[in-house]
Each structure stands twice: as C-alpha cells, then as structure tokens.
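Worksheet: one structure, shown below.
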Amino acid sequence: MDLSKLTRRSFTKSLAAAVGSIPVAKLGGGLVRDAKAQAPQAADKDEVKIVKTSCRACIHNCGVLAHVRNGRVVKLEGNPEYPMTKGAMCLKGLSGINALYHPNRNKYPMIRVGSKDENKWKRISWEEAIDTIARKLMDTRAKYGAEAVFCSTGGGGNPAFRSISRFCNIFGTPNWYEPGCAQCYLPRTLAYGIMYGGPSTSIADESALEIYVPNTPMKSFVCWGTDPSYSCPAGGGRALADLRARGARSVVIDPRLTPDAARADVWLPIRPGTDVALMLAWIKYIIDNDMYDKDFVMKWTNLPYLVDVKTKMFVRPNELFDGANPKEYVVWDAKTNAPKTMKYPWDDALDPKLEGAFKHNGRTFKTGFTMLREQCEPYTIEKAAEICWLDPKKIVEGIKIFADGPSGLSLGVATDQFPNSVEAAMGSVILNSIMGYVEKPGTMMQRFPNGGTAPAGSLAPRAQKCLPPSQLAKRLGGREFKGLLQWDAASPQSILNAILTEKPYPLKVWIERSGNKFGVLGNASSWEPAIKKLDFVVHMYMYPTSFTTYADMILPTTEWLETNMLIDCCNYVFARQAVTHTYETQDETLIWSWILRRCGELGHEMCQKAMDPEFMGDDLPLWKTMEELLDAKLKRHNVTWEEVKNGHNPIKFMPDDKWAGYYVYKKTDSKTGLPRGFSTPSKKLELYGEVFINLGRTGAPYAKQPLAPADKDYSPLPFYMEPVENPKAEIAKKYPLVMTNGRLPIYHHGTLRNNPYSREVYPLPEIWVNPKDAEKYGVSHGDWTWVENDRGKIRAICRVTEGIPQGIVYQERFWNPETLNTPTRGWKEMNVNVLTKNTPPYNDVVGTYTLRGFQVAISKADKGPEGVLRKPEDFSIWMPDATVTESAEPVYPTYKNEGK
Ligand SMILES: Nc1nc2c(c(=O)[nH]1)N[C@H]1C(S)=C(S)[C@@H](COP(=O)(O)OP(=O)(O)OC[C@H]3O[C@@H](n4cnc5c(=O)[nH]c(N)nc54)[C@H](O)[C@@H]3O)O[C@H]1N2
Ligand SMILES: Nc1nc2c(c(=O)[nH]1)N[C@H]1C(S)=C(S)[C@@H](COP(=O)(O)OP(=O)(O)OC[C@H]3O[C@@H](n4cnc5c(=O)[nH]c(N)nc54)[C@H](O)[C@@H]3O)O[C@H]1N2
Ligand code: SF4
Ligand SMILES: [Mo]
C-alpha cells in the first residue's frame, strides 16, 4: 500500500458509496443537517441508539449525543446537559462522522518498505509493530543512551497530554516536546502557577470558569489576545455572548476584527508583539490614578514587602534580627519608621508602607510596589499608543471599562507566541490582582473544585519518580529554560539543534503522536534536514499527514468517536465513550503503555518496575486495557467504568450551589488555624516575582533537587521587549508588513484540512490585508498573493479588509493533504509556518520563539500552487467511506518471550 492510494481515493467510488448512507454534502451547496436525509433508507426501521459522549475535535470536550444505528454513527448533536455548552456544537465537532469514516484513515499499523523517498508501506500486525518499536528503543538505549530517543505530541486537542511525559519518564529519556508549550499556555500556567497558585484565566483552555456561573455579577471583561468565539465557539464563545446579552461590557485587544472584537465596547487593534508595553501602561495608569484595590494589595499581595535593590531578593527577617524566621518577610513600619517582620497573614500592630525607598544599615530597600511602579514608569498612555499603534483615548476608555468591575482579564495564546511571553502573562496576573479581581464573584481568577479525574487534560499520571536525576539533567533546553519544568518538557529548538549538530549528544529515534508537525512548528523548513537524519521515526495518527511521509512506521489511532476518556466540566465528570470502533485503530494511551510493557519484557528494568502496583502507587502500573486506567481514575467517585457506560454519566461531584467556591484564600487552614492564602511561598500573590529568580537559579518549586542555574537571572517583574523583526528595523526595508496569526473556527491546528465540509467553507488560507496596503502592494481581493521573507515564500488568497490595520497582515497555519504525494509533501505551499521564526531571541524563562509579530512582504501572484483544491466539488474525494462497519479493538499481544 502507498500513501498516494490512501489520499487519492477515487472520487466516483466514494461519492457513490456516500449517497444515501451518511451525511451528504450537497456539492457546491451548504451542509445537509437534516437527520432523515443522513440516515440510510433501508435501515430506517432499525433502532437508533443514542450514546452520551464528548467531542474532541479541538481542545474542548463539548457534550455530544451520538446517534448510532447498527454500529454506525449516523448523527451528532450537542448534549444540553453539558454546562459549558448547553447543547451547542461547532462545525469541527459536527464533522466527527466525516473524520471517523474518512476514506484515508490510517487503518492498520504499517511499516515502510523501500527507501525513505519511495513512500511504500506494508501492513503489519500490532504484535509486530509494538515489538519492532520496543527492540529499536532498546538497541538505541544500549548504543547511545535513552536520551537519544525523543517523542513529541500535540498541544491543544490532545486527550492524553501526560501520556508522553509518562512514557519518557519510565523509558528514561528527558526529551519530549510539544509545539505549543512555550508557544502555548505554559507561559500563562507558569505565571499563574507560581504567582497565584491557581489556574490561569484562559477561556480557550477552559479556565476562567466564572463565565459559566449562572447569574455571575461580572460587569465587564477583557479578551487580551484571545478570541473565544473562534477558539472556544460552543463553550466560552457562547458564554461570552450570553454575558454581553446581559449587559456586560468588554474590551478586546487584538489586531484583527474578530467576532468578539466586533461586539466589544472598545477594540484595541494592537501592533503584534507589543502587548507588554500596553500592559505596563495599563498598570501605570491604574496605579497613578488610584484605581487599584489598595486594601487587597496591602493584605493579599507581596507588594508591601521590602526588596533589597542590589540583590533583587526580598529581605528576610533573619538578615536583620537575630534568630528571626528566614521564611517570613519584612515591611517598613510607618509607626516606628523601621523595618519589621510581618507575620502571616497580617499584624494589626504594624502600619506598613506600601510605597517607598528606605536606607537601613547601609542597604537600600524598596517595597515590591515601588519596584513595580518604577518598572512601569516609562510607559505612559502616549508612549504605549506610539509603540502599539493605538489611539490613546481608546486605551484609557478600555482601562475604565476594566476598572468598572467586578471584571476579569482573560489572556489568550497570542502573547505566548513571541519572546516576551512570560512577561505578558506576569502582566495579566498583576492587572487582575491589583484590581482585587481575585476569587470574588464576577472575576476570572478562581480556584473552583474539579472532579480530579483528568487533571491538565490527561488521565495518565506522569510517573516523574521514574526518571533518574542524571537523565533529567540531560534535558535539552532544560537548564536555560527552567519554566519548562512545570510541564516536564524539553525545548523543540534545542532538540532540533541536537539532531543537526549531534551536540550535546546525537538523537536517533522520534516517536510522534499528533497531526502534522510541519504545519504547526515555527520555521517548519528547518525541521526537514533534521527528520531525514534520524534512524527511525514513528507516527501515531488518524490519517497520513506531511509528517507521515518522513516516517518509518505508522500506528493508527482512534478518532474521538472511538475513544474512552473522563472529562471535568464544572461540577461534573462526563465520559467520552467509544460510540463505535473502526479497523485496527488504537487509543494512544494504550500504545504508549504497550511499548513500555514490551520493553520490560525485553529486559528494561524501570519498565519492569512500572508494572508493579506497589512501586507505582498513584502513578499507576502500566495498564493493558483502558478499563484498568479508567477504573483507577474513577475510584475517588466510587463508580466503575462499566457503571458509567451503563448510564452513570455524568457524575455529579458537588451540589450546584456549592461548586463555585469563592474566596478560597480566606478559608481556614485546619493545620494552622490561619487563612489558607494562595499556593505560593508567601501565601500572598507574588506580584513581585522573586519566585522567578529562584526558578532560574535552582528549578524551584518544580525540581526536586536543585539544578544547575540558567545563564542569567529571570526577571522578577515584566519588561517590554520590542520584536527584533519590527517595522523600524533594517529588515523592514525588504519586508515591510508585520505578520501575525490566530485561530479559524472550523479547523483545529492542522486538522480537518481533509474534511470536505470544512474545506468547502474555507478552501484555502487567506491573508488579511488592509485596503491601503492592498493598493500599495498591488494586490486585490481574491487574488493569489505571494507572502515571503528570508525564511521562505508561500502563497495565500488575498482578503482585503478594514478588519486589520494598515501595516499588519494575518494568515493561518495550513497544509494541503491533496499535495501530500508531490515534492512539497503538502506543507510548503500555503503554510505560514514556513515564514515564522525559531531562532533567537527566545523567552528567558521558557524559550518561546516567534510565531506572531515578524516581518513579511506581499505581492501579486499569477496563479496558485500546483494541485491545491479550491472548488467545493473537488473535496468530494474525501466523503466518508460507507462500507466501514464496527470492528473489534486490538488487544495487547501475548509475546513468546524470547527476551533480548
Ligand atoms: N504559526 C503558528 N503556529 C502555531 C500556532 C499559531 O497560532 N501560529 N499555535 C501553536 C499552538 S498554541 C499549538 S497548541 C500547536 C499545536 O500543534 P499540535 O498540537 O502539534 O497540532 P496538531 O497535531 O494539528 O494537533 C493535535 C492533534 O492531535 C490529534 N489527536 C486528537 N486525538 C488524538 C488521539 O487520540 N491520538 C492521536 N495520535 N492524535 C490525536 C488531533 O487530531 C490533532 O491533529 O501549534 C502551535 N503552532
Ligand atoms: N477553532 C479552533 N479552536 C482552537 C484551536 C484551533 O486550532 N482552532 N486551538 C486551541 C489551542 S491549542 C489554543 S492555544 C487556543 C488559543 O485560542 P486563543 O487564546 O483565543 O488564541 P488565538 O485565536 O490563536 O489568538 C487570539 C487572537 O490573537 C490575535 N493576535 C494575533 N497577534 C496578536 C498580538 O500580537 N497581540 C494580541 N493581543 N493579539 C494578537 C489574533 O488575531 C487572534 O484573534 O485555541 C484552542 N481552540
Ligand atoms: S468546540 Fe467544536 S470541535 Fe471543539 S469540542 Fe466543542 S464541538 Fe467539538
Ligand atoms: Mo495551543
């Protein structure tokens, strides 16, 4: 079998098969949603079973009712019980049937035959696949060390995010990455994690749960670099629409006029990459105009504590007073005009100064508040307006809406995608916190309880204890970018460099589990020579993608309609349950576990230990079946998976009126009798981020033992970094326009480019161009357009719109499954990631590279790339295969254990 056969299924055959049996796209027309039209005529009398499950065609888990007839899924609709969506679904989710029965599914494990470029494949059994991989891993480990094996996974949309770190920890390699991570969510989970000890306010990541609380008093909200109407359409996007309908005002900071921006009271179309300058201006304006919550800042943040200006560290009582507690903090007491130890949570005998610089025994101290104020000092509204290309009056209007609370600032992924990432996340914590928008009704920073079944979106426990410290020390990028420790990950560009240079050591084997890394990695072309250098590459996925064309083995994974999983949603645990099963596809949670089991059988000691329930404890022994894992996770709810499947779905773990638990920090800690505070070293909000300095020096609080320090200290306060490629830089003479990107509502990352309905709606990527730029650069609406910089040259279709300011352009990630078997391998024609930048500067803390805010040039192209499909009828080659019936799931093979 070869991949061209997989992608080039005959149009007439699949169309004929599709008619009358499955959802039919009216060719050239819209979607057919009528259930009757979708159902096979002959089977009408057969019983339709409705299975309650949950979508995973994107990062969310919207509740779904799947209609099944004779083992075949015939219709999908939203589950009205699901609190976040109330029965809504989006086009991606509704395309689940197309995805499930796609004619190009990876159906069986396959191994490459012939040379790397021949693209020839042979079907093998699961038994052979797992054994081949395990032997390859064991050989590589023996010759080069376990670290020569690395893995990668998908970010959003990954139902088993932790499976991969678990696999790596048990196998003994510190090296895995995810192309989101430092470019997605980690900067925010890190900042909120160590400054607050709670979840971030990302709506697209299902945080900011207050927006789902019925009758929340939220008066306004800020969407900063996020557009939930596209990135969380059925859940957060829907909830924000409800909030607006009830009168909440909003501010949107986004270069593009998105649906959320169009509905906002103030839209700030910011120059990409400049967000931290604007945040510092917001902080300065709020402080200068006394708009902040002074009482909250005094009592519940670390800003009154004294910092030694030389060391940038907090002064500890033991430095000033003999025998004092080194874990406490010092304030400047106005009553005595002297430094005093501040007892947690508060000492009424003291009158601490919030602001000031103080000399004491030859040292200079400033309060954290003064340090913050000085940091923001240069960023007046006018200065920010100039840097960010905004109207100063609109900036102030935006701040006033935010200040008229209760309110909340939700920070999206935009600011995670340039080197100033962690600082932007710090800025958002500071803004929410100084306003006192913390754990109050109507605010977004909340620590509501959850069902605890799938923390961080994954069932698999990480098994961190299995990775020896000596291996952790070898993590690529791990020393410089210690923020990666929060997610246990390596840095993609450090992995890339190690493959290319073989320094500090060579890498040999890559196991990849997601869609199309060439669609989603920055500067994708830089990965092509690297992947060609490797000995063995495995791709676990549902369809062939560009990545598959470089692989040696394909493992077919399950679509969401054939997957079992548990999902936390507000005060419920919902089950995603397999509605059917096709071919020999397998849940990846099992694949990872099976490979490790086989390594154990072949003599890997840690893999053997990992089968022992006693040794693994809460990390759970290597499972053979999904039921083992699901039952273990359900124990805390006293239910079994069998019971869930038989109708105990969802599991309610809290009474509705108890779930939204406000003011967690004020609750009494039974051990101390004091308020619980926040989960930070000071139990206060760490708005002066000494915690970042400690992270860079030792890896605290994530590393169990101190690690070698990073090259320089991480900054305790946010600072603005102008993008290196910017309109005033030399490079702008050649490439005058600032490029950025964002989400499309009908695709999830690299997915669904092979879905006939999605492609009918949005066949090819558009570049958004302001009318003035269109005129200047000679492009018109609908034109084929060249987009280029020194990293590459791609094409797009021009969309001329006032929805983007002059000087800025916008284009999404795209790849074309239809050209997979051509020399471009589907990823070189229209993919903005050919142009993005993965060279320095990087974010100091996590290593973020530049996906948004870099320079390009545009010009008219005479024609489009060879072979890309555009007309609705072109996509009928991908209509679902009507011949697929339900099949049994593969089980763990019993090996005749011939050892090594
Ligand atoms: N230029 C640019 N680049 C970007 C971004 C950007 O905005 N601009 N965004 C970045 C961000 S935020 C992220 S998170 C990354 C995303 O990058 P990746 O996550 O690597 O992207 P995909 O592989 O498309 O998405 C994850 C895949 O997991 C698949 N999947 C779902 N369930 C299963 C399963 O059970 N098994 C297997 N094997 N696969 C499954 C989904 O179909 C999906 O294709 O891209 C990053 N890249
Ligand atoms: N439909 C769909 N939904 C998704 C995904 C998907 O691929 N498709 N991916 C999921 C994942 S993994 C993630 S991380 C989330 C992300 O979801 P969000 O956090 O909402 O992020 P995006 O939509 O990528 O970007 C938000 C907005 O940032 C704007 N923007 C671009 N550059 C800048 C800038 O420099 N500054 C500011 N302030 N704004 C800028 C873009 O125009 C865009 O509208 O979405 C998730 N949901
Ligand atoms: S937003 Fe759409 S694709 Fe994502 S889980 Fe919900 S229905 Fe599925
Ligand atoms: Mo992401």
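The values are calculated or read from the model by the stated rules, or taken from the named source; none is laboratory data. Keep in mind that this is a model prediction, so the values were computed, not measured. Cβ sites come from the backbone with ideal geometry, for glycine too, and all protein chains shown count toward neighbours.
Of the listed requirements (1) within 16 Å of ligand 1 (Cβ to nearest atom); (2) at pLDDT 95 or above, Leu744 misses just one: (2). Looking only at the stretch 108-156, filter to residues that are basic (Lys, Arg) and at pLDDT below 95; which one of those is farthest from Arg166 (Cα to Cα)? This residue is Lys120. Scanning the stretch 253-277 for residues that are charged (D, E, K, R) and within 9 Å of ligand 2 (Cβ to nearest atom) turns up Asp254, Arg256, Asp260, Arg271, Asp275.
For Thr201, the conditions (1) over 21 Å from Asn516 (Cβ atoms); (2) within 18 Å of the chain's Cα centre (by Cα); (3) within 16 Å of ligand 3 (Cβ to nearest atom) are fulfilled apart from (3). When residues in the stretch 395-428 are screened for being over 23 Å from Ala385 (Cβ atoms) and more than 16 Å from ligand 2 (Cβ to nearest atom), 2 of them pass.
One line per residue, one yes/no per condition, for (1) under 28 Å from Trp282 (Cβ atoms); (2) among the polar types (S, T, N, Q); (3) free of Cβ contacts under 8 Å to residues at least 12 places away in the same chain:
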{"position": "Ala324", "(1), (2), (3)": "no, no, no"}
{"position": "Thr336", "(1), (2), (3)": "no, yes, yes"}
{"position": "Tyr379", "(1), (2), (3)": "yes, no, no"}
{"position": "Ile395", "(1), (2), (3)": "yes, no, no"}
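Somewhere in the stretch 594-615, is a residue under 28 Å from Asp205 (Cα atoms) and at pLDDT 95 or above? Among the residues of the stretch 594-615, not one is under 28 Å from Asp205 (Cα atoms) and at pLDDT 95 or above, which makes the answer no.
Of the helices (runs of 4 or more DSSP H) lying entirely inside the stretch 226-281, those containing at least 3 residues that are touching a residue at least 60 places away in the same chain (Cβ under 8 Å) span 228-231. Just checking, how many residues over the stretch 175-204 are within 15 Å of ligand 4 (Cβ to nearest atom) and closer than 25 Å to Arg475 by Cα? Of the residues in that region, 14 qualify.
Looking only at residues in the stretch 715-745 that are surrounded by 22 or more Cβ atoms within 10 Å (Cβ to Cβ) and of a type in the set (Ser, Thr, Tyr), the one that is nearest to the chain's Cα centre (by Cα) is Thr740. Considering the stretch 842-867, the residues that are farther than 12 Å from Asn420 by Cα and assigned to a strand (DSSP E or B) include one that is nearest to ligand 4 (Cβ to nearest atom), namely Phe854. Within the stretch 53-78, track down each residue that is in contact (Cβ under 8 Å) with a residue 60 or more places away in the chain, under 26 Å from the mean Cα position of the chain (by Cα) and away from ligand 4 (no atom under 16 Å from the Cβ). Thr53, Ser54, Cys55, Cys62, Gly63, Gly78, listed by residue number. Of the residues in the stretch 487-494, at least one is over 17 Å from the mean Cα position of the chain (by Cα) and more than 22 Å from Gly236 (Cβ to Cβ). Of the residues making up the stretch 58-99, those that are more than 10 Å from ligand 3 (Cβ to nearest atom) and in contact with a His (Cβ under 8 Å, 6 or more places away or on another chain) are Val73, Val74, Lys75, Glu77.
When each of Ser250, Ser229, Ser220 is tested for being more than 23 Å from the chain's Cα centre (by Cα) and within 16 Å of ligand 2 (Cβ to nearest atom), the lone residue that passes is Ser250. Within the stretch 705-714, the set of residues being under 22 Å from Ser679 (Cα atoms) and over 25 Å from the mean Cα position of the chain (by Cα) comprises Gln705, Pro706. Screening the stretch 94-172 for helices (runs of 4 or more DSSP H) wholly inside it with 2 or more residues that are basic (Lys, Arg) and under 28 Å from the mean Cα position of the chain (by Cα) returns the ranges 161-171. Inside the stretch 220-279, residues that are charged (D, E, K, R), within 16 Å of ligand 1 (Cβ to nearest atom) and farther than 30 Å from Glu374 by Cβ make up a count of 2. Among the numbered conditions (1) over 19 Å from Asn61 (Cβ atoms); (2) surrounded by fewer than 23 Cβ atoms within 10 Å (Cβ to Cβ), the only one that Val251 does not meet is (2). Screening the candidates Ala403, Ala384, Ala425 for the property of being modelled with pLDDT of 95 or more and surrounded by fewer than 21 Cβ atoms within 10 Å (Cβ to Cβ) yields one hit, Ala403. Among the residues of the stretch 223-263, those identified as under 22 Å from Ile808 (Cα atoms) and of a type in the set (Gly, Ala, Ser) are Gly225, Ser229, Ser231, Ala261, Ala262. Whenever a residue of the stretch 148-170 is under 16 Å from Ala182 (Cβ atoms), its partners that are among the charged types (D, E, K, R) and away from ligand 1 (no atom under 13 Å from the Cβ), lying with C-beta atoms within less than 8 angstrom and at least six residues away or across chains, give the pairs Ser165/Arg462; Ser165/Asp488. Quick check on the stretch 528-550. Is at least one of its residues among the acidic types (Asp, Glu), free of Cβ contacts under 8 Å to residues at least 24 places away in the same chain and out of contact with any Asp or Glu (no Cβ under 7 Å at 6 or more places or on another chain)? Yes, because at least one residue in the stretch 528-550 is among the acidic types (Asp, Glu), free of Cβ contacts under 8 Å to residues at least 24 places away in the same chain and out of contact with any Asp or Glu (no Cβ under 7 Å at 6 or more places or on another chain).
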